[in-house]
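> Sharing a structure, written as structure tokens. Questions coming.
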Amino acid sequence: MKELNIKVYETISGDTWDGIAHKVYGTVEMTEELRKANKEFIRIMVFSSRVLLKCPDVEAKAIGGLPPWVE
């Protein structure tokens, strides 16, 4: 089983989930995966500074491209 590489993102004041997903993954499509990895912060919409969020590694095909049922 492949071990996932977990990165940590430190928020800056005013960060939002979709903005963080775009910074970390290059797309807002990963917003839900980011939220699922950080359930303790799920109710926060706009972050203050210095909150540490887990950013799990994702396979390249999970970002963009064809939906999994087409591949």
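> If I filter segment 2-9 for residues that are surrounded by 15 or more Cβ atoms within 10 Å (Cβ to Cβ) and outside any loop (DSSP other than H, G, I, E, B), do I get at least one hit?
The initial filter retains those residues of segment 2-9 that are surrounded by 15 or more Cβ atoms within 10 Å (Cβ to Cβ), namely 9.
Retained after the next criterion (residues that are outside any loop (DSSP other than H, G, I, E, B)): 9.
Within segment 2-9 (the criterion being surrounded by 15 or more Cβ atoms within 10 Å (Cβ to Cβ) and outside any loop (DSSP other than H, G, I, E, B)), the answer is yes, since at least one residue qualifies.
> Quickly run through segment 21-41 and pick out the residues that are among the hydrophobic types (A, V, I, L, M, F, W, C) and within 9 Å of the chain's Cα centre (by Cα). Steps first, please.
Going residue by residue through segment 21-41, those that are among the hydrophobic types (A, V, I, L, M, F, W, C) are 21, 24, 28, 30, 34, 37, 41.
Within segment 21-41, Ala21, Val24, Val28, Met30, Leu34, Ala37 meet the criteria.
> Could you please find all residues in segment 1-24 being closer than 9 Å to Cys55 by Cβ, of a type outside the set (A, V, I, L, M) and modelled with pLDDT of 95 or more?
The one that is closer than 9 Å to Cys55 by Cβ, of a type outside the set (A, V, I, L, M) and modelled with pLDDT of 95 or more: Tyr9.
The values are calculated or read from the model by the stated rules, or taken from the named source; none is laboratory data. Since the model is a prediction, treat every value here as computed from it, not as a measurement. No Cβ is skipped: glycine too gets one built from the backbone with ideal geometry, and neighbour counts run over all protein chains shown.
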